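This report refers to the structure that appears directly beneath it.
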Amino acid sequence: MVDCDVRGEAPDARAVAFKSLGCRVNFEEIECLRGRFVDAGWRSVDFDQTADLYVINTCTVTGLADAESRKTVRRAVRRKRAGGLVVVTGCYAQRDPEALAALDGVDLVLGNKEKGQLFEHVQRFREDRRLAGEIWVDSEPTTENFLNHGSARGQGEQGSLRTRATLKIQDGCDERCTYCIIPTVRGASVSRPLESVVDEARHLGRSGFRELALTGVNTGSWGRDFARAGRSEATSLAKLVRALQHVGGTRMRFRLNSLEPDTVTDELLDAIEASPMFARHFHVPLQHGDSAMLRRMGRNYDAAVYAATIRRIHERFPEASIGADVMVGFPGEDEERFRSGRDLIESLPLTYLHVFTYSQREGTAATRMPGHVAEDIKRARSQDLHALEDDLRRAFLARRNGSEELLLVEGKRGPRGGLTGLTGNYIRCELPVDRDASENEFVQVTIENRGEPRLAGAVPVATPNGCLD
Ligand code: SF4
């Protein structure tokens, strides 16, 4: 048995393995926890390796996510070293801690609020093992605990250094969409203070990341809660964009994650327009293109308002990638409403879709609604929208053919053996195989449409050294 001491005095570094399920917010939190443990002398190992401690950040957005979380917990229990620990946290732990504590081999269950003190909980637990199956979950999950990344730089694929970091700037949500469990498990909307965001962005820039994805549960609502918390006057994401625009100079790009339609203000578009290092990429969840369905979903806009929002973005940034979440099979979706929703999508300058299939989530209003849709119909509608998505992607790449873009090169190689990367406007590209570029480098390229929906060619633009800096 390894005689662990979390203060990092053990002769050989103890091994800790992390697994994050679900969204980018969960992923970001795990990266911060990894940094905390590594800075304290632990060794971070892959989840399929043997470790002294396993930490699973669970998701509960659907029944499937619950099942995946339980499966992951069981994998950890099977792998843990004698005397090792399995700690389960995240949204499933927040929603149903008893169910997870009841799984064989689970040592500690922490809610979303307690997640920030996970390191301390492990220390306390190591010193007093009588506490197996312990549950620490506050029924009020709202937390102002935004973690820092520490010094560790996460690994990308094949051991490559990751080029992009995720920075959580907001947590929780004040909306009440009828299919969504998130406000129940993550609480009210809370924003990370501006100075703290800027400091952490600087730190990540200094750590070598060349792109920061700014994420949250309802990212666009950043700053609206300040007044409620009596911290300062309410403010908006536009202010944060302006504060970040010079962080990292031309060496770091920012990408905003999902923006609810009501948060896409002209003030925000002005701020992004004035900030060349903010990616021309907008992801604006739609969920459904039919207004009657949007009302059933409890969304705070109708089809016309959504359409106007997307057109406003496109007029301001014609080169931008604009994506949308859409859901098929929500209760009450008959063929006519599906068609009218699909027609709206087809009429808008969207460039890609994330297609979700509605599934019942215990604890949400939608489960009690009449008109649940048969699984085979859901499948057919999902296939239909996936085909539409391929058309949207092809049309966008055809429009961008021959345009110049800034490509951030990643470590992965494409089907023709060239290094791949991502442009600001979310085009995944492959460089010529003989193009000697290095990971984490910005390269000015000309887009070459290959007729494939998800990968384009990229020809480096002949500049003195072929790169930005
Ligand atoms: S905006 Fe709606 S779907 Fe998104 S997290 Fe909030 S309640 Fe859930």
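The values are calculated or read from the model by the stated rules, or taken from the named source; none is laboratory data. For clarity, every value in this text was computed on a predicted model and none was experimentally measured. With ideal geometry, Cβ positions are generated from the backbone for all residues, glycine too; neighbour counts draw on all protein chains shown. Please note that ligands, DNA and RNA were not included when accessible areas were found on the heavy atoms of the full protein model with its side chains. Shrake-Rupley method; radii C 1.70, N 1.55, O 1.52, S 1.80 Å.
Residue count for the range 371-415 under the criterion of being in a strand (DSSP E or B) and within 19 Å of Gln444 (Cβ to Cβ): the result is 7. Per the listing Asp266, Asp290, the residue uniquely acidic (Asp, Glu) and surrounded by fewer than 20 Cβ atoms within 10 Å (Cβ to Cβ) is Asp266. Among the residues of the range 357-370, are any open to solvent by less than 70 Å² (accessible area, probe 1.4 Å), in contact with a Leu (Cβ under 9 Å, 6 or more places away or on another chain) and over 25 Å from Val241 (Cβ atoms)? Looking through the range 357-370, at least one residue is open to solvent by less than 70 Å² (accessible area, probe 1.4 Å), in contact with a Leu (Cβ under 9 Å, 6 or more places away or on another chain) and over 25 Å from Val241 (Cβ atoms).
Quick check on my filter: what residues within the range 384-421 are basic (Lys, Arg) and touching a residue at least 40 places away in the same chain (Cβ under 8 Å)?
Residues of the range 384-421 basic (Lys, Arg): 393-394, 399-400, 412-413, 416.
Those that are basic (Lys, Arg) and touching a residue at least 40 places away in the same chain (Cβ under 8 Å): Arg393, Arg394, Arg400, Lys412.
No other residue among Leu388, Leu353, Leu344 is crowded, with 18+ Cβ neighbours inside 10 Å and closer than 25 Å to Ala456 by Cβ apart from Leu353. All of Ser221, Ser236, Ser258 fail the test of being more than 16 Å from the ligand (Cβ to nearest atom), within 21 Å of Gln170 (Cα to Cα) and among the small types (Gly, Ala, Ser), apart from Ser236.
In the set Ala201, Ala213, Ala188, Ala243, which member is part of a strand (DSSP E or B) and either under 24 Å from His149 (Cα atoms) or among the hydroxyl-bearing types (Ser, Thr, Tyr) (or both)? So that I can check it myself, show each step before the final result.
Details: Ala201 fails: part of a strand (DSSP E or B); Ala188 fails: part of a strand (DSSP E or B); Ala243 fails: part of a strand (DSSP E or B).
Exactly one residue qualifies, and that residue is Ala213.
Listed by position, the helices (runs of 4 or more DSSP H) contained in the range 65-156 that have at least 1 residues being basic (Lys, Arg) and under 21 Å from the mean Cα position of the chain (by Cα) are 91-95. Checking every residue in the range 214-227 against the condition of being outside the structural domain of Ala93 (by TED's automatic domain parsing), closer than 30 Å to Ala366 by Cβ, over 16 Å from the mean Cα position of the chain (by Cα) and open to solvent by less than 20 Å² (accessible area, probe 1.4 Å) gives at least one match. I'd like to check something: does the range 267-285 contain any residue that is within 16 Å of the ligand (Cβ to nearest atom), modelled with pLDDT of 95 or more and touching a His at 6+ places or on another chain (Cβ under 6 Å)? Taking every residue of the range 267-285 in turn, none turns out to be within 16 Å of the ligand (Cβ to nearest atom), modelled with pLDDT of 95 or more and touching a His at 6+ places or on another chain (Cβ under 6 Å).
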